[in-house]
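Data first, discussion second: the structure below is written as structure tokens.
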Ligand code: FES
């Protein structure tokens, strides 16, 4: 049986701007793919490189951070730190054989519902274009190899 590929997208959203932008997109009934899982953070500056890498480790096909516009961060420089971490995490992805474009940073304010919907579509399209995250495949194969035959068949 061939399973249809349904990508998993993880978005880390700053609560002050992009989370509200996502809310607005919903209130405006804008269409965007349902594959997105949102993680709300107090500021994008709170996100560590490890959080980004762990998102891929647990099976995300694409990951993004969306925060306040430059100069608008409630904690002054959080989004600048986030951008540097995203750039470093992209280098690490490249080093381990994953496409760096699986990860991206965006800026979406609370009043930019349509832009948020466009970001969600963009990252979903990338996931379809790049295909399943190979790390997820390896973890799944290892899990299946360690299961008793009866468990796998169920
Ligand atoms: Fe939004 Fe810092 S408070 S990115």
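A few points about this structure:
- Criterion violated by residue 137 - all others in (1) touching a helix residue (DSSP H, G or I) at 6+ places or on another chain (Cβ under 9 Å); (2) at pLDDT below 95; (3) within 19 Å of residue 35 (Cα to Cα) satisfied: (1)
- Residue in region 64-81 that is at pLDDT below 95, closer than 20 Å to residue 128 by Cα and surrounded by 18 or more Cβ atoms within 10 Å (Cβ to Cβ) present: no
- Number of the condition not met by residue 104 [criteria: (1) farther than 18 Å from residue 32 by Cα; (2) within 16 Å of the ligand (Cβ to nearest atom)]: (1)
- Here is the figure for region 94-113: residues that are surrounded by 15 or more Cβ atoms within 10 Å (Cβ to Cβ) and in contact (Cβ under 8 Å) with a residue 40 or more places away in the chain total 12.
- Answer from 21, 71, 11 - the residue that is without any contact (Cβ under 8 Å) to a residue 12 or more places away in the chain and either in contact with a strand residue (DSSP E or B) (Cβ under 6 Å, 6 or more places away or on another chain) or within 15 Å of residue 107 (Cα to Cα) (or both): 71
- Verdict on residue 90 being farther than 19 Å from residue 18 by Cβ and touching a residue at least 12 places away in the same chain (Cβ under 8 Å): yes
- Residue tally, condition more than 16 Å from the ligand (Cβ to nearest atom) and either surrounded by 20 or more Cβ atoms within 10 Å (Cβ to Cβ) or in a helix (DSSP H, G or I) (or both), over region 1-31: 6
- Selection count where residues are modelled with pLDDT of 95 or more and farther than 11 Å from residue 64 by Cα, scope region 92-108: 3
- Qualifying residue in region 74-97 (condition: in contact with a helix residue (DSSP H, G or I) (Cβ under 7 Å, 6 or more places away or on another chain) and assigned to a strand (DSSP E or B)): no
- Residue in region 38-63 that is nearest to the chain's Cα centre (by Cα), counting only those that are within 14 Å of the ligand (Cβ to nearest atom) and assigned to a loop (DSSP other than H, G, I, E, B): 47
The values are calculated or read from the model by the stated rules, or taken from the named source; none is laboratory data. None of these values were measured; they are calculated from a predicted model. Every residue, glycine as well, gets a Cβ built from its backbone with ideal geometry; the counts of neighbours run over all protein chains shown.
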